[in-house]
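A quick write-up on the structure given underneath.
The values are calculated or read from the model by the stated rules, or taken from the named source; none is laboratory data. These numbers were taken from a predicted model, which means no experiment stands behind them. Every residue, glycine among them, receives a Cβ derived from its backbone with ideal geometry; neighbour counts consider all protein chains shown. The protein model used for the area step is the full one, side chains on, heavy atoms only, and it has no ligands, DNA or RNA in it. Shrake-Rupley method; radii C 1.70, N 1.55, O 1.52, S 1.80 Å.
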Amino acid sequence: MRFLMVVMLIALYAIPAVSQTPSTEVRNQGEVVGGSDDGAHAIGLLLRCPVCQGMPISDSPADMAQSMMAKVRTMHKEGKSEEDILKYFTDRYGDWVLLRPKASGFNWLVWGLPPFVLLLGLLTALMRGKGAANNAPAAEPLPESSQDEYVNAIRNEVEL
């Protein structure tokens with residue numbers, strides 16, 4: 001049973017997060033998301049809203065997120081690349097504005113530590129499972145003198 005739970009946890013960890021596909025919808029300011037604006041929307045999914053917790057600016061209803069998204073659209077229409085736009089916002093707000101941190105420097109721990117701990121836990125569980133199976137004592141029957149009459153009556157009924 002434990003092995004099945006570990007396998008399920010590994011499967012859930014291995015499944016990449018499904019990103020939302022941009023659809024055509026009208027925002028508060030009358031701007032259309034989708035169609036020719038897919039690139040700006042995709043970049044907006046990579047940036048964290050400073051007001052909302054963990055929400056991308058393309059989905060946030062906050063005024064600050066909407067103004068950031070308008071800046072992303074403007075920069076995208078000017079022909080700036082995704083890297084240039086992300087650099088613009090990280091220069092202003094810091095690396096925390098990125099919903100997917102870059103795998104460099106101290107951030108390697110964010111990317112490398114979870115799989116390492118998962119593998120370490122899996123190996124520990126497997127070793128404990130093998131050790132417990134090898135060291136499990138066989139169940140010895142209790143001597144007849146320690147059993148009461150009720151248990152003997154149940155055994156007699158079951159054996160019939």
Notebook entry, point to check: Which of the residues spanning the stretch 43-81 are of a type in the set (Gly, Ala, Ser), open to solvent by 10 Å² or more (accessible area, probe 1.4 Å) and without any contact (Cβ under 8 Å) to a residue 40 or more places away in the chain?
Noted result: ALA62, SER67, GLY79, SER81
Notebook entry, point to check: Looking at this structure, is SER60 assigned to a loop (DSSP other than H, G, I, E, B) and on the phi < 0 side of the Ramachandran plot?
Noted result: yes
Item checked: Residues (modelled with pLDDT of 85 or more and either of a type in the set (A, V, I, L, M, F, W, C) or touching a strand residue (DSSP E or B) at 6+ places or on another chain (Cβ under 6 Å) (or both)) located in the stretch 119-152 -> LEU119, LEU120, LEU122, LEU123, ALA125, LEU126, MET127
Next item on the list: Return the residue satisfying two criteria in turn: it lies in the stretch 82-104 and is at pLDDT 90 or above and of a type in the set (A, V, I, L, M), and of such residues it is surrounded by the most Cβ atoms within 10 Å (Cβ to Cβ).
Entry: ILE85
